[in-house]
Amino acid sequence: MKYISTRDKSKKYSAAEVIKMGLSNEGGLFVPETVPDISIDEIKNLVGKSYQDIAKAILVKFLTDYTEKEIEDCISLAYNNFTFNTPDVVPLKKLNDNLYVMELWHGPTAAFKDMALQIMPHLLSKAIKKVKTDKETVILVATSGDTGKAALEGYKDIEGIKIIVFYPEGGVSKVQELQMSTTDGNNTYVAAVKGNFDDCQTGVKEIFGNVEFNKLLNDNGYELSSANSINWGRLVPQIIYYFKAYTDLVKNGEIKLGDEINFCIPTGNFGNILAGFYAKLMGLPVKKFICASNINNILTNFFKTGVYDRNRAFVKTSSPSMDILISSNLERFLFEMTAHDDKKVNQWYKNLKETGRFEVDTFTKEKMSEIVDAGFADEIETGELIETVFNTYNYVVDTHTAVALKVAGDFKSVDKIVVDSTANPYKFSVDVLKALSDYSSDDEFRIVNELNKITGLEIHRAVKGLDKKEVKHKAVIKKEEMKDIIKDILKI
Ligand SMILES: *Cc1c(COP(=O)(O)O)cnc(C)c1O
């Protein structure tokens with residue numbers, strides 16, 4: 001099976017090539033040329049199977065230039081008793097007869113990014129061998145919190161790869177900062193940048209595009225790569241859990257094989273929801289995807305009006321991983337919605353770049369609305385939802401999941417809804433506790449303990465004891481010094 005770019009579909013690439021390259025040369029995103037089918041009989045065979053078995057059934061269809069053995073190796077390194085502390089990997093909780101929660105946060109860093117970032121480094125490491133490069137790969141990450149730690153955990157001690165993470169000094173929570181600065185491994189590097197997240201991201205983008213600096217790296221035996229969700233290697237593992245949730249519902253007698261269900265997804269970069277959409281394209285019986293946003297509701301407006309307009313204020317919320325104005329993966333969705341019309345997609349993204357806005361045609365808008373519904377929750381609604389869900393179901397959710405549960409509650413459907421839960425509540429303790437109690441403290445670890453006292457929810461191992469771990473990464477740099485620290489690390 002081959003892959004093509006959303007901005008030029010004439011060239012074809014193998015899976016290993018697209019995982020290695022990340023972004024296409026003309027700036028487009030890679031997608032499968034044709035999405036592989038899964039029959040209802042095949043889905044039936046997956047009912048009751050382990051996460052690892054389902055992962056294999058899905059991945060072999062997309063990664064056709066990997067051997068079965070290679071895929072099995074990647075799966076067992078990524079999803080095991082050590083990385084995920086529950087045999088289910090992704091447990092499904094029933095709240096009521098219509099509403100289920102898929103817990104995607106049992107991995108090492110307590111956020112759903114682990115679902116992809118536990119396996120992607122192994123896929124990349126095999127891709128590097130396949131495309132036969134003689135250079136060592138250096139992964140650069142700019143993070144506002146969750147991605148940085150998940151990438152560090154995924155890439156640590158992977159042979160032939162180094163990872164360098166930049167985060168804004170004072171711009172992440174204490175838990176997130178300590179998660180990153182205490183990372184071990186012999187190939188992990190972390191630097192706090194004096195500036196905000198935009199400064200980190202702009203700095204990393206500038207480095208990726210800097211011809212002279214890349215030549216210097218190449219001459220010294222290094223090559224840059226990215227761990228963002230623009231990389232197909234981060235998307236494909238996310239298709240797996242949509243099948244897991246569906247087959248669990250069949251196994252538990254909640255639905256009959258072939259029944260359609262809905263998924264409601266707290267959305268930022270549109271990666272998670274897009275993976276679900278590919279599951280549907282393959283043949284998973286899904287009626288609607290409900291795209292949930294916080295008050296940065298640019299996507300809600302887009303699905304309602306067909307106009308994507310980023311000329312608006314950026315608001316910081318209690319669900320920071322969804323504070324985003326450009327959802328990169330939407331481009332892949334639009335490419336699919338227009339039956340691979342690369343010219344149209346090019347034009348829309350040119351408009352976005354030049355004017356900050358584009359509008360899709362009526363046909364595309366209607367096609368989108370057959371598949372996606374959208375809604376948002378504001379800060380007050382998010383807090384209230386956390387409280388209501390705790391009082392009603394004795395179940396604690398984080399702020400991102402709360403946004404999706406609120407939007408799911410507004411959605412009228414006779415079909416069952418599965419909500420993607422993207423973070424463990426302890427990862428966002430301050431705002432979760434605020435919704436449940438008047439307790440306040442400047443010390444995040446006291447808040448964690450108080451949340452534990454009130455809810456009885458076990459403290460996730462990604463957070464437990466974090467305040468006692470040794471801080472290994474102490475670099476604080478100016479934003480002009482990002483290239484210098486890379487050179488220091490690589491000794492060039
Ligand atoms: C990254 C993230 C999201 C958004 O996921 P996308 O794939 O970017 O849409 C939602 N919630 C949490 C907790 C996240 O870390």
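The values are calculated or read from the model by the stated rules, or taken from the named source; none is laboratory data. In this text the structure is predicted, and so the values were computed from the model without any measurement. Here Cβ is always computed from backbone atoms with ideal geometry, including for glycine, and neighbour counts include all displayed protein chains.
Structure data summary
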quantity: Positions within segment 51-86 being under 30 Å from V407 (Cα atoms), free of Cβ contacts under 8 Å to residues at least 60 places away in the same chain and surrounded by fewer than 17 Cβ atoms within 10 Å (Cβ to Cβ), in sequence order; calculated: T86
quantity: D442, sole failed condition from (1) in a helix (DSSP H, G or I); (2) modelled with pLDDT under 95; (3) away from the ligand (no atom under 16 Å from the Cβ); calculated: (1)
quantity: Any hit, segment 209-221, residues being surrounded by fewer than 19 Cβ atoms within 10 Å (Cβ to Cβ) and β-branched (V, I, T); calculated: yes
quantity: Neighbours by Cβ (under 7 Å, 6+ apart or cross-chain): first from segment 256-271, over 18 Å from D373 (Cβ atoms) and in contact (Cβ under 8 Å) with a residue 12 or more places away in the chain; second more than 12 Å from the ligand (Cβ to nearest atom) and of a type in the set (D, E, K, R); calculated: L257/K44
quantity: Given (1) away from the ligand (no atom under 16 Å from the Cβ); (2) surrounded by 24 or more Cβ atoms within 10 Å (Cβ to Cβ); (3) under 27 Å from L46 (Cα atoms); (4) not charged (D, E, K, R), number of the condition F166 does not satisfy; calculated: (3)
quantity: Residue count for segment 346-375, restricted to those that are part of a helix (DSSP H, G or I), among the hydrophobic types (A, V, I, L, M, F, W, C) and modelled with pLDDT of 95 or more; calculated: 4
quantity: Residue match in segment 211-224 (condition: touching a Ser or Thr at 6+ places or on another chain (Cβ under 9 Å), of a type outside the set (K, R) and outside any strand (DSSP E or B)); calculated: no
quantity: Segment 293-313, subset out of contact with any Asp or Glu (no Cβ under 9 Å at 6 or more places or on another chain) and aliphatic (A, V, I, L, M), residue nearest to the ligand (Cβ to nearest atom); calculated: L299
quantity: Within segment 376-423, tally of residues that are on the phi < 0 side of the Ramachandran plot, modelled with pLDDT of 95 or more and assigned to a loop (DSSP other than H, G, I, E, B); calculated: 8
quantity: Any hit, segment 244-263, residues being among the hydroxyl-bearing types (S, T, Y), away from the ligand (no atom under 16 Å from the Cβ) and in a helix (DSSP H, G or I); calculated: yes
quantity: One residue from V345, V315, V360 being loosely packed, with under 14 Cβ neighbours inside 10 Å and β-branched (V, I, T); calculated: V315
quantity: Those strands (runs of 3 or more DSSP E) lying entirely in segment 65-176 with at least 1 residues touching a Gly at 6+ places or on another chain (Cβ under 7 Å); calculated: 136-142, 161-168
quantity: Matching residues, segment 322-370, being of a type in the set (A, V, I, L, M), within 16 Å of the ligand (Cβ to nearest atom) and out of contact with any helix residue (DSSP H, G or I) (no Cβ under 7 Å at 6 or more places or on another chain); calculated: I324, I326, L330
